[in-house]
Amino acid sequence: MTQAEFVVVANRLPVDKAGPGEGEDGWRRSPGGLVTALEPVMKETDGAWVGWPGQADLEVEPFDFDGTQLIPVALSADEIEKYYEGFSNDTIWPLYHDVIAAPRYRRVWWDSYVRVNRRFAEAAANAVKENGTVWVQDYQLQLVPKMLREMRPDLTIGYFHHIPFPAYGLYSQLPWRRLVLEGLLGADVIGFQRVADAGNFARAVRRLFRYETRAGRITVPGEDGTAHTALAKAFPISIAAETYMELAKKPEVQARAKEIREGLGNPKAILLGVDRLDYTKGIRHRLKAFGELLEDGRVTVDDVTLVQVASPSRERVEAYVQLRDEIELTVARINGDHDTFGHSAIRYLHQGYPREEMVALFLAADVMLVTALRDGMNLVAKEYVATRNDNRGVLVLSEFAGAADELGSALKVNPHDIDTLKDTIIQAIEMPEADQARRMRSMRKRVLEHDVKAWSDSFLAALDDARAAKERATR
Ligand SMILES: O=P(O)(O)OC[C@H]1O[C@H](O[C@H]2O[C@H](CO)[C@@H](O)[C@H](O)[C@H]2O)[C@H](O)[C@@H](O)[C@@H]1O
Ligand SMILES: O=c1ccn([C@@H]2O[C@H](COP(=O)(O)OP(=O)(O)O)[C@@H](O)[C@H]2O)c(=O)[nH]1
């Protein structure tokens with residue numbers, strides 16, 4: 001294995017095991033946002049990607065995929081249960097999303113998290129050249145920056161946190177709160193989605209360690225008497241806006257959008273929700289508001305249909321199993337009460353779709369509903385905006401999604417306030433075209449100017465500055 005200049009470490013590899021007869025050498029590129037986000041960077045650099053291949057006990061040798069060296073880290077069924085489903089998605093995920101679901105603190109999960117983080121750190125340390133750069137992604141790997149710094153002090157280390165970082169009053173519940181902060185502080189640059197997340201992180205560091213922090217720069221003392229500076233700052237992630245714009249221009253995608261509308265009986269307005277089936281996304285609140293609008297007679301199924309894509313996610317974690325039951329019961333009740341032979345109130349799809357189909361759905365929808373109770377960014381909001389080349393359509397956007405900081409012209413909502421959410425849905429359905437266009441133009445400007453390339457460029461520029469400062473200090 002040749003060592004690379006630039007290494008990404010993420011929980012998942014950017015590929016999935018392909019079904020029979022599919023994909024290049026049995027693998028196909030995963031559809032996720034991070035993969036698209038980093039694709040241009042990986043192509044430009046001599047890069048490697050360390051990650052889990054997505055199935056239990058899959059031992060695979062490093063291989064080349066589309067010019068990037070992929071370095072698989074195997075996880076056993078026991079590690080998937082304790083590190084991934086347990087500590088990552090039943091402790092950190094609910095705690096960092098403001099305890100919407102109750103986090104569970106289990107010492108055996110933590111032990112597994114430490115062991116697996118070490119395995120990822122070792123794989124990265126072996127993969128990267130002297131004085132190279134490692135960019136660690138997300139909450140599953142918060143201990144990796146410090147582990148890497150201890151193994152390889154020559155490296156420049158970045159970490160990007162894709163989910164919220166909670167206020168200290170919540171963060172302080174974590175029994176391993178000092179160890180997790182120490183893990184993150186091993187990085188030279190710690191990126192967050194929102195200014196508020198970076199602020200919460202800096203406050204937690206001050207409360208627990210009393211380190212000096214100034215304008216996001218934190219002086220972190222090392223065990224040998226030296227110190228390094230860690231920069232904690234917001235770098236809001238984005239999408240490949242141009243790609244979405246172009247896909248939306250394709251005649252076959254537009255024809256598909258028309259077909260979707262026809263399939264729904266050509267209602268006057270289509271409302272759309274697209275989420276992983278996750279309790280953070282506020283799907284229940286959205287269904288409640290829509291159900292009440294039907295109950296109140298403010299909308300009818302002849303005129304308005306809600307399409308809800310709820311793609312399967314973390315299906316063995318209890319909170320997700322319960323959520324699915326609740327949502328499916330609610331959908332069935334609303335449809336049972338309001339459907340006619342010709343029209344359905346809610347078209348519910350517990351499925352995942354490829355990108356082109358997503359774009360066709362975005363084009364078919366008059367109103368996009370993003371009602372997350374807490375969300376790091378929410379790329380779907382940005383994707384909807386990018387596809388609306390005709391400046392039509394309305395985005396209803398929760399103030400608790402990171403995207404709300406940038407998309408100021410969306411109709412902002414507090415999804416807990418059901419009455420206002422109902423009024424906002426009506427306002428969206430009835431919005432005059434000129435108002436739609438004014439809002440959409442301003443949101444499109446932001447998304448097109450601040451695309452995913454701008455995101456990775458700004459993060460990597462901060463890492464270059466950190467490297468230059470280190471070189472100056474050691475001269
Ligand atoms: O890998 P999974 O457990 O199947 O989960 C999928 C990903 O979900 C999370 O996405 C977050 O990142 C997005 C891009 O920055 C952001 O828009 C969104 O708000 C976040 O929730 C998670 O952070 C990823 O690590 C998962 O791979
Ligand atoms: O059936 C689906 C549902 C979602 N997505 C994509 O998955 C990503 C979801 O990212 P987001 O930031 O909205 O939420 P996350 O799931 O990462 O929390 C977006 O790029 C969606 O277009 C998809 O490709 N197919």
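Quick notes on this structure:
- Cβ-Cβ FRET estimate between residue 341 and residue 118, R0 fixed at 60 Å, reported to 0.05: 0.50
- 11 Å beta-carbon shell around residue 267, net charge (K/R +1, D/E -1): -1
- In this rough spin-label picture, where each label sits 7 Å from Cα along the Cβ direction, the residue 252-residue 472 distance is 5.3 nm.
- Qualifying trypsin sites (Lys or Arg not before Pro) for segment 331-420 [loop in DSSP, other Cβ within 10 Å: at most 15]: 392
- Segment 340-356 and segment 374-432: distance between their alpha carbon centers, rounded to Å: 20 Å
- Taking each residue as 0.36 nm, the span from residue 3 to residue 357 lengthens on full extension beyond its C-alpha to C-alpha distance by 123.6 nm.
- Residues within the reach of a label modelled at residue 303 (point 7 angstrom out along Cα to beta-carbon, backbone nitrogen below 20 Å), restricted to segment 358-385, are 365-369.
- Apportionment of accessible area to carbon and sulfur, the chain, percent (1.4 Å): 48 percent
- Residue 392 versus residue 259: modelled label distance in nm, points set 7 Å from Cα along the beta carbon direction: 2.0 nm
- The alpha carbons of segment 361-413 stretch over 28, 19, 15 Å along the principal axes, in descending order.
- Derived value for the chain: Kirkwood hydrodynamic radius 23.4 Å. Basis is the mean of 1/r over every pair of different alpha-carbon atoms.
- Entries in 250/382; 146/470; 82/281; 288/445; 288/412; 268/412 that, when Cα-Cα distance is taken, lie over 28 Å: 288/445
- Fraction of beta bridges assigned by DSSP in the chain that are antiparallel (%, nearest 5): 25 percent
- Segment 1-130 - charge dipole about Cα centre, Lys and Arg +1 at Cβ, Asp and Glu -1, debye rounded to 20: 520 debye
- Computed [θ] at 222 nm, deg cm²/dmol, the chain (DSSP H ≥ 4; -39,500 (n - 2.57); rounded to nearest 500): -13000 deg cm²/dmol
- Label-reachable residues, segment 73-102, where backbone N falls under 14 Å from a point 7 Å from residue 316's Cα toward its Cβ: 75-90
- Calculated diffusion of segment 241-449, Stokes-Einstein form, Kirkwood radius summed over Cα pairs, 10 °C and 1.306 mPa s, µm²/s: 93 µm²/s
- Calculated FRET efficiency, residue 224 to residue 64, Cβ-Cβ distance, R0 = 30 Å: about 0.20 to the nearest 0.05.
- Computed over neighbours whose Cβ is under 14 Å from that of residue 432, the net charge equals -1, Lys and Arg +1, Asp and Glu -1.
- Subtracting the Cα-Cα distance of residue 268 and residue 172 from their residue separation scaled by 0.36 nm leaves 29.7 nm.
- Residues of segment 79-104 with an amide N closer than 18 Å to a point placed 7 Å from the Cα of residue 329 along the Cα-to-Cβ direction: 101-102.
- For segment 315-408, chymotrypsin sites (Phe, Trp or Tyr not before Pro) meeting the loop criterion (DSSP other than H, G, I, E, B) and having at most 15 other Cβ atoms within 10 Å: 341.
- Sites excluded, GluC sites (Glu not before Pro) in DSSP loops with at most 10 other C-beta within 10 Å, longest stretch of the chain: 60-222
- Relative intensity of segment 95-197 on a log10 scale, I(q)/I(0) at q = 0.12, 0.16, 0.20 Å⁻¹, equals -0.41, -0.70, -1.04, per a Debye sum over C-alpha point scatterers of equal strength in the absence of solvent.
- Trypsin sites (Lys or Arg not before Pro) lying in DSSP loop within segment 209-296, provided at most 13 other Cβ fall within 10 Å: 210, 268
- Cα-centred dipole magnitude for the chain, charges only on beta-carbon of K, R (+1) and D, E (-1), debye, nearest 20: 1420 debye
- Residue 211-residue 399 FRET efficiency (beta carbon distance; Förster radius 22 Å; 0.05 resolution): 0.10
- Most positive-pole-ward Cα, 310, 6, 161, against dipole of the chain from beta carbon charges: 161
The values are calculated or read from the model by the stated rules, or taken from the named source; none is laboratory data. Just so it is clear, the structure is predicted and the values come from calculations on it, not from any experiment. Note that each Cβ is placed from the backbone with ideal geometry, even for glycine, and that neighbours are counted across all protein chains shown. For accessibility, only protein heavy atoms count, side chains too; no ligands or nucleic acids. Shrake-Rupley method; radii C 1.70, N 1.55, O 1.52, S 1.80 Å.
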